[in-house]
1. Among the residues of the stretch 43-58, which ones are out of contact with any Pro (no Cβ under 9 Å at 6 or more places or on another chain) and either assigned to a helix (DSSP H, G or I) or buried (at least 17 other Cβ atoms within 10 Å of the Cβ) (or both)?
2. Just the residues that are within 19 Å of Ala94 (Cβ to Cβ) and in contact (Cβ under 8 Å) with a residue 12 or more places away in the chain, please, taken from the stretch 27-42.
3. So Asp81 passes all but one of these: (1) open to solvent by less than 20 Å² (accessible area, probe 1.4 Å); (2) outside any helix (DSSP H, G or I). Which condition number does it fail?
4. For the stretch 11-28, enumerate the residues that are open to solvent by less than 70 Å² (accessible area, probe 1.4 Å) and assigned to a helix (DSSP H, G or I).
Amino acid sequence: MASDKEYLDFVLEQLSGADGITYRAMMGEYIIYCRGKVIGGIYDDRFLVKPTQSAKRILPDAAQELPYDGAKPMLLVGDIDNRELLCELVSTIADDLPDKK
């Protein structure tokens, strides 16, 4: 099932306080970037993020879900209405990830 563009637009609006948020459409889903680093995506109208140490700390009770068959588990962001939490989450995930070479 492809993700709805309206859901993507809502998540992007919630993330508007974070620096460097971009996205790319890919096979009916959307990859989310923060400062040029892949931090997660929209899969089947679910906002999933990489399970970095910071993400696990910020979302200690988050369910791990597969974005698609054969993928590694990611953390489901359940509270997408909390802008402050979302901006902190994506920024710290980007901090945890290595810089591009």
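The values are calculated or read from the model by the stated rules, or taken from the named source; none is laboratory data. For clarity, every value in this text was computed on a predicted model and none was experimentally measured. For neighbour counting, all protein chains shown are included, and Cβ atoms are generated from backbone atoms with ideal geometry for every residue, glycine included. For the accessible areas, the whole protein counts, side chains as well, though only heavy atoms, and no ligand, DNA or RNA atoms are used. Shrake-Rupley method; radii C 1.70, N 1.55, O 1.52, S 1.80 Å.
1. If we filter the stretch 43-58 for residues that are out of contact with any Pro (no Cβ under 9 Å at 6 or more places or on another chain), which is where we start, we get 45, 47, 49-50, 52-58.
Those that are out of contact with any Pro (no Cβ under 9 Å at 6 or more places or on another chain) and either assigned to a helix (DSSP H, G or I) or buried (at least 17 other Cβ atoms within 10 Å of the Cβ) (or both): Phe47, Val49, Lys50, Thr52, Gln53, Ser54, Ala55, Lys56, Arg57, Ile58.
2. So in the stretch 27-42, the residues within 19 Å of Ala94 (Cβ to Cβ) come out as 30-42.
Those that are within 19 Å of Ala94 (Cβ to Cβ) and in contact (Cβ under 8 Å) with a residue 12 or more places away in the chain: Tyr30, Ile32, Tyr33, Cys34, Arg35, Gly36, Lys37, Val38, Ile39, Gly40, Gly41, Ile42.
3. Unmet for Asp81, out of (1) open to solvent by less than 20 Å² (accessible area, probe 1.4 Å); (2) outside any helix (DSSP H, G or I): (1).
4. Of everything in the stretch 11-28, those that are open to solvent by less than 70 Å² (accessible area, probe 1.4 Å) and assigned to a helix (DSSP H, G or I) turn out to be Val11, Leu12, Gln14.
Here's the yes/no breakdown for (1) surrounded by fewer than 17 Cβ atoms within 10 Å (Cβ to Cβ); (2) assigned to a loop (DSSP other than H, G, I, E, B):
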position: Asp9; (1), (2): yes, no
position: Tyr30; (1), (2): no, no
position: Ala62; (1), (2): no, yes
position: Val90; (1), (2): no, no
